[in-house]
1. Of all residues in segment 18-40, how many are without any contact (Cβ under 8 Å) to a residue 60 or more places away in the chain, crowded, with 18+ Cβ neighbours inside 10 Å and under 10 Å from the mean Cα position of the chain (by Cα)?
2. Taking the conditions exactly as written (at pLDDT below 85, exposed (fewer than 15 other Cβ atoms within 10 Å of the Cβ), in a loop (DSSP other than H, G, I, E, B) and among the basic types (Lys, Arg)), does Arg105 satisfy them or not?
Amino acid sequence: MIIVGEQMLTLGARIAEIEALYTCVLDAAGTPARRRFLAELAEAGARLADEAAGHTGRAVAPLPGPAGPGGGARPPRPRPRARVRRRIARTQRTADWIIARTARRAG
């Protein structure tokens with residue numbers, strides 16, 4: 001069984017991966033690159049949900065796939081950068097908090 005500190009460190013690493021991919025999506029120049037990063041971001045989010053569900057003992061329902069051969073509805077419009085920057089900062093603080101808490105318990 002994995003101890004709590006290792007669980008939190010693993011979750012922190014998953015969150016950091018999502019943060020990095022989200023930044024790549026924001027900085028992507030072309031549509032193909034942005035779509036590739038969005039697909040990777042979705043996979044990373046699913047891995048985080050699976051990891052978190054494994055620690056809580058709850059099952060995670062899979063998200064529905066695209067509707068029909070056309071790929072489904074249009075992607076949502078990007079939000080203003082100010083909101084994005086706030087979310088990135090909040091994610092960074094959360095990841096830092098998780099890592100700091102894990103480091104205190106390990107030592």
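The values are calculated or read from the model by the stated rules, or taken from the named source; none is laboratory data. Since the structure is predicted, the reported quantities are computational estimates derived from the model, not experimental observations. So basically every Cβ, Gly included, is an ideal-geometry build from the backbone, and we count neighbours across all protein chains shown.
1. The number of residues fulfilling the criteria is 1.
2. Working: at pLDDT below 85: yes; exposed (fewer than 15 other Cβ atoms within 10 Å of the Cβ): yes; in a loop (DSSP other than H, G, I, E, B): no; among the basic types (Lys, Arg): yes.
Answer is no for this residue.
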